[in-house]
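Notes follow the structure.
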Amino acid sequence: MKASAKDLAALLPSRFTLGVATAAFQIEGALAEDGRTPAGWDIFAARPGAIVQDHSPEVACDHYHRMPEDVALMKELGVDSYRFSLSWSRIQPGGSGPVNPAGLDFYDRLIDLLLANGIAPMATLYHWDTPLELDQAGGWMNRDTAYRLGEFAAIAAAAYGDRVTRWVTVNEPATVSTNGYMLGMHAPGETLMLKALPSVHHQLLGHGLSLQALRAANVPGDIGITNVYSPMVPASINPLDKLSAGLMDMAQNRLYADPVLLGKYPDTIRAATFFSSFSPSSEDMELISQPLDFYGLNYYMPTRVASGPGEGAVPKGMAEAMGDDLSGTAPGAPFHVASFPDTETTAYGWPIKPEYMGVALAEMAERYPLLPPVYITEGGASFEDLEIRDPEGGRIIPDERRVRYLADHIATAVEATSPGGAAESVELRGYYVWSLMDNFEWSGGYKQQFGLLHVDRETQERTRKASFYWLQEVLAARHRDAVPEAPGLGQATA
Ligand code: GBH
């Protein structure tokens with residue numbers, strides 16, 4: 001355990017980036033302001049029962065109005081970099097056609113303020129908030145959405161390309177396809193199961209077209225994609241459990257990483273789709289597998305997999321949404337997600353297994369010989385809201401379990417990628433904590449809180465948790481090169 005801030009700081013390479021992450025829809029609010037048009041998520045979230053306790057994303061963290069205050073908090077925290085996402089329908093209402101100057105202006109001000117405070121901007125083009133019009137035309141089931149994202153990338157490149165240090169094209173296409181198109185737990189709420197496969201390919205194509213647009217615009221920043229990765233752990237030595245874990249690995253990990261890093265879909269997928277109309281062209285595969293400057297990896301937990309339909313047919317996404325410690329996969333699937341014995345879990349019921357952070361990196365290194373440098377673009381834990389203690393005026397939120405989660409995961413990632421570590425060939429560039437503040441946790445509403453900052457749901461007051469002070473200490477204690485990384489376009493790529 002490296003919970004001591006000084007111990008962890010001593011472990012960090014001098015150029016290691018420590019950042020915090022958010023996403024537009026989860027923090028901004030102001031859904032109908034200054035010309036933003038709805039995203040599919042605006043509508044999905046309003047469906048009764050779709051979100052825990054029918055929480056609304058309308059206000060979220062009111063970040064659209066409190067952005068300068070939030071940047072000031074990041075400055076106080078001392079982070080090197082901030083990962084945020086661009087709201088597509090704020091910048092380009094409807095997802096096609098002319099831009100909205102007010103929307104463009106918001107991120108212009110954000111980026112300038114970050115740079116003025118020495119914080120390197122990492123911008124995600126697509127973090128799930130597809131403009132409603134595009135969702136209504138089929139969303140990611142429609143190939144056209146990929147071209148629309150490519151066009152949006154060109155707009156973003158022209159507006160911010162001179163100042164953005166790092167670009168992420170698409171965030172977690174796995175979660176969009178699984179939760180949004182297969183299981184109906186996220187927008188657009190489709191339950192297409194295996195028929196959702198085109199939504200995978202079109203998102204990856206959207207990644208390829210955005211990458212192409214950013215390259216064509218000659219942006220100086222580094223470009224990558226973010227995939228979530230969960231090592232799949234067979235529940236026993238039973239060959240059926242092993243087979244099941246392999247299938248999950250294929251469906252959740254390889255399906256999204258292989259096309260990008262190997263230029264082809266896994267054989268099992270190609271075999272399974274042999275009889276369907278899904279046969280991506282080599283032009284598509286070339287776009288999808290263009291070289292990246294970095295690979296973004298979101299790691300939260302490993303997944304324990306057992307054969308058989310499991311207890312009840314509660315889809316995992318649904319269990320998560322309800323905040324229960326229930327596991328399952330798709331109803332009717334021949335295998336299910338099982339819990340790890342004697343393992344501490346987060347409020348979501350997610351197992352806390354820091355050692356698998358190292359396993360994830362080692363598996364990536366083994367599978368992908370051409371793996372570019374890696375950023376952990378998200379990692380974090382949700383815990384129940386803790387009581388705010390107020391000893392003589394100083395408010396304290398004791399989230400020591402989050403401190404331990406972050407310390408253990410960051411230390412494991414760094415050790416695994418150091419000489420002698422299980423993933424020593426990986427060039428690990430940094431770790432972004434999910435999240436800067438408690439926010440709209442998709443179908444988990446405001447019940448699942450990942451923040452370093454607590455956000456009062458009535459007053460919007462931000463309160464620093466123990467984890468905020470801890471990360472601040474880590475950042476202050478480590479040894480850095482004399483030159484800060486931001487404004488860092490030159491150095492970031494050097
Ligand atoms: C990320 O999603 C999101 O990028 C972010 O917006 C979100 O707020 C944050 O994490 C916290 O949830 O392999 O069947 O076990 C992560 C969502 C949930 C995706 C668990 C993978 C397990 C699928 N992850 N899910 S399975």
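The values are calculated or read from the model by the stated rules, or taken from the named source; none is laboratory data. From a predicted model like this one, the values you see are computed outputs, not experimental measurements. Methodologically, a virtual Cβ is constructed for each residue, glycine included, from the backbone with ideal geometry; neighbour enumeration extends over all protein chains shown.
Within segment 235-257, the set of residues being touching a Pro at 6+ places or on another chain (Cβ under 6 Å) and away from the ligand (no atom under 16 Å from the Cβ) comprises Lys242 only.
This table checks each residue for (1) farther than 28 Å from Pro351 by Cβ; (2) at pLDDT 95 or above; (3) in contact with a strand residue (DSSP E or B) (Cβ under 8 Å, 6 or more places away or on another chain); (4) assigned to a loop (DSSP other than H, G, I, E, B).
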residue	(1), (2), (3), (4)
Glu392	yes, no, no, no
Ala411	no, yes, no, no
Ala423	no, yes, no, yes
Gly430	no, yes, yes, no
Trp470	no, yes, no, no
Arg480	yes, no, no, yes
Gln491	yes, no, no, no
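For residues that are within 8 Å of the ligand (Cβ to nearest atom) and not hydroxyl-bearing (Ser, Thr, Tyr), scanning just segment 290-306, find the one that is nearest to Asp249 (Cα to Cα). Across segment 290-306, the extreme among qualifying residues is Met301. In segment 349-380, the qualifying residues are those that are farther than 14 Å from Tyr431 by Cα, among the hydrophobic types (A, V, I, L, M, F, W, C) and outside any helix (DSSP H, G or I), and the one that is nearest to the ligand (Cβ to nearest atom) is Trp350. Total residues in segment 179-203 satisfying the condition of being more than 20 Å from the chain's Cα centre (by Cα) and assigned to a helix (DSSP H, G or I): the figure is 6. Just one residue in the set Leu205, Leu192 is modelled with pLDDT under 95, away from the ligand (no atom under 16 Å from the Cβ), aliphatic (A, V, I, L, M) and farther than 25 Å from Ile376 by Cβ; that residue is Leu192.
Leu211 falls short of the stated requirement of being over 30 Å from Pro373 (Cα atoms) and part of a helix (DSSP H, G or I). No other residue among Ser89, Ser85 is over 24 Å from Leu475 (Cβ atoms) and at pLDDT 95 or above apart from Ser89. Just checking, which of Val474, Val455 is of a type outside the set (S, T, N, Q), more than 16 Å from the ligand (Cβ to nearest atom), buried (at least 19 other Cβ atoms within 10 Å of the Cβ) and at pLDDT 95 or above? The match here is Val474. When each of Gly332, Gly323, Gly328, Gly317 is tested for being more than 14 Å from the ligand (Cβ to nearest atom) and modelled with pLDDT under 95, the lone residue that passes is Gly332. Only helices (runs of 4 or more DSSP H) whose full extent lies in segment 239-291 are considered here, and the ones with at least 2 residues that are modelled with pLDDT of 95 or more and surrounded by fewer than 19 Cβ atoms within 10 Å (Cβ to Cβ) are 239-248, 282-288. Of everything in segment 125-154 that is of a type in the set (A, V, I, L, M, F, W, C) and touching a Leu at 6+ places or on another chain (Cβ under 7 Å), the residue that is nearest to the ligand (Cβ to nearest atom) is Leu125.
Would you check if Phe450 is in contact with a helix residue (DSSP H, G or I) (Cβ under 6 Å, 6 or more places away or on another chain), of a type in the set (Phe, Trp, Tyr) and under 27 Å from Gly29 (Cα atoms)? No. Scanning segment 214-234 for residues that are within 13 Å of the ligand (Cβ to nearest atom) and of a type outside the set (S, T, N, Q) yields Ile225, Val228, Tyr229, Pro231, Met232, Val233. Do you know which residues across segment 13-38 are within 16 Å of the ligand (Cβ to nearest atom) and aromatic (Phe, Trp, Tyr)? Result: Phe25, single match. None of Met301, Met285, Met248 is more than 23 Å from the chain's Cα centre (by Cα) and not charged (D, E, K, R) except Met285.
Gly35 meets all of the listed conditions (1) on the phi > 0 side of the Ramachandran plot; (2) of a type outside the set (Val, Ile, Thr); (3) in contact with a Leu (Cβ under 6 Å, 6 or more places away or on another chain) but one, namely (3).
Looking at segment 1-66, the helices (runs of 4 or more DSSP H) lying wholly inside it that each contain 1 or more residues that are touching a Pro at 6+ places or on another chain (Cβ under 9 Å) and of a type in the set (Asp, Glu) sit at 40-45. Close Cβ contacts (under 7 Å, 6 or more residues apart or on different chains) running from residues in segment 147-173 that are of a type in the set (Phe, Trp, Tyr) to residues that are assigned to a helix (DSSP H, G or I) comprise Tyr147/Leu209; Phe152/Trp88; Tyr160/Tyr107; Tyr160/Ile111; Trp167/Leu214.
A Cβ distance below 7 Å, combined with a sequence gap of six or more or placement on separate chains, defines the contacts here; from segment 280-301, residues that are polar (S, T, N, Q) reach residues that are part of a helix (DSSP H, G or I) and buried (at least 19 other Cβ atoms within 10 Å of the Cβ) in the pairs Ser289/Pro259; Ser289/Val260; Gln290/Gly208; Gln290/Leu211. From the list Val168, Val176, the lone residue that is within 16 Å of the ligand (Cβ to nearest atom), among the hydrophobic types (A, V, I, L, M, F, W, C) and in a strand (DSSP E or B) is Val168.
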